[in-house]
Amino acid sequence: MIHLLLALAVQHPDTTRPELWAPHRVYDSHRKEYSDFEALATDAAKADVVFLGEQHDDAGTHRMELALLQSIARRRTNVVLALEMFERDVQPILNQYLAGSISEEIFLKGSRPWPAYVTDYRPLIEFAKGHGWKVVAGNVPRTLVGMSGVAGKGLDAIMQRSDSTRWWAAAEFNCPKDDYFKRFGVSMGEHPMGSGPPPSAAELSSITEKFYQAQCAKDETMAESIAHVRSDATRPLVIHYNGSFHSDFGQGTAERTKRRLPKDKIVIISAVPVTSFDSVDAKGMRKQGDWLLFTLKPSAR
């Protein structure tokens, strides 16, 4: 019976039935104490922009992402869902699907959904569609930031474009060598560089610089996409789902959004999959986000 409930919850979580939520704990970083999901949702609903940073492969987080949309829908009607997982050039076909003018099959063929779309992100899209919410494909196309683009050639790969594809990326970029850059460098060092001899220090520095510029291109483009939505006269609440690296510590996309929207209230939720709730040092992690949303990894359930 438990397995059946969990299977149903992946497709149709219901925040009025806690047994269908993913196992989780919520920590309020400002109060420095554990709280509950409804308190988190209430705070999020009062914001202008909400970032929820996920670990892409955590099923529990994806279930709670839908639970957040459900909770906010009970509190606000003027909401826009924005996603790292779709890129700017597919916005027209996404709009057509939301309007009901094309089938889901046509939408998926033309929108380059992530591999786990059906289980991880389809529930979010369908919920937004059912409520008439706009969904923003906010990311820069991977063709512009991959090895044939910024990651291989630097920001000039975008800045020197003169055709319409230039506007699939942000109009301006800022890539300071700040704490975000330091954190990015550490993350790069934790990933293997492939087969063959290791790169020299100079080569590694060059590789890191260009990959960081690609990261900045994503952050700037997603932030610009959010700011564009917030410029609407209705001033909707924007809920942005992205990998946690893009918003943890108020850095990345979150920092670039704040630069564009200095007067907006921004709430950052960091989803953290853990093997045990008992061993979590939530207080020590509080700078990671305004709210910490801990979920149990599958092996720990």
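The values are calculated or read from the model by the stated rules, or taken from the named source; none is laboratory data. On a predicted model such as this, the values are computed, not experimentally measured, just so you know. A quick note on method: Cβ atoms are made from the backbone with ideal geometry, for glycine too, and the neighbour counts reach across all protein chains shown.
Filter segment 230-249 for residues that are surrounded by fewer than 21 Cβ atoms within 10 Å (Cβ to Cβ) and either more than 18 Å from Leu293 (Cβ to Cβ) or touching a strand residue (DSSP E or B) at 6+ places or on another chain (Cβ under 6 Å) (or both) and give the result.
Arg230, Ser231, Asp232, Ala233, Thr234, Arg235, Pro236
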| query | Which one is nearest to Glu224 (Cα to Cα), of the residues in segment 135-159 that are surrounded by fewer than 16 Cβ atoms within 10 Å (Cβ to Cβ) and of a type in the set (A, V, I, L, M, F, W, C)? | reply | Met159
| task | May I ask you to verify whether Asp28 is surrounded by 12 or more Cβ atoms within 10 Å (Cβ to Cβ), at pLDDT 95 or above and more than 13 Å from Met64 (Cα to Cα)? | result | yes
| remark: Only one of (1) out of contact with any His (no Cβ under 8 Å at 6 or more places or on another chain); (2) outside any helix (DSSP H, G or I); (3) modelled with pLDDT of 95 or more; (4) not β-branched (Val, Ile, Thr) does not apply to Leu52, and that is (1)
| Regarding Gly132, is this residue loosely packed, with under 13 Cβ neighbours inside 10 Å, more than 19 Å from the chain's Cα centre (by Cα) and either β-branched (Val, Ile, Thr) or on the phi > 0 side of the Ramachandran plot (or both)? | yes
| said: Tell me the residue from Pro113, Pro176, Pro141, Pro123 that is in contact with an Asp or Glu (Cβ under 6 Å, 6 or more places away or on another chain) and either within 24 Å of Leu237 (Cβ to Cβ) or not aliphatic (A, V, I, L, M) (or both), please. | reply: Pro141
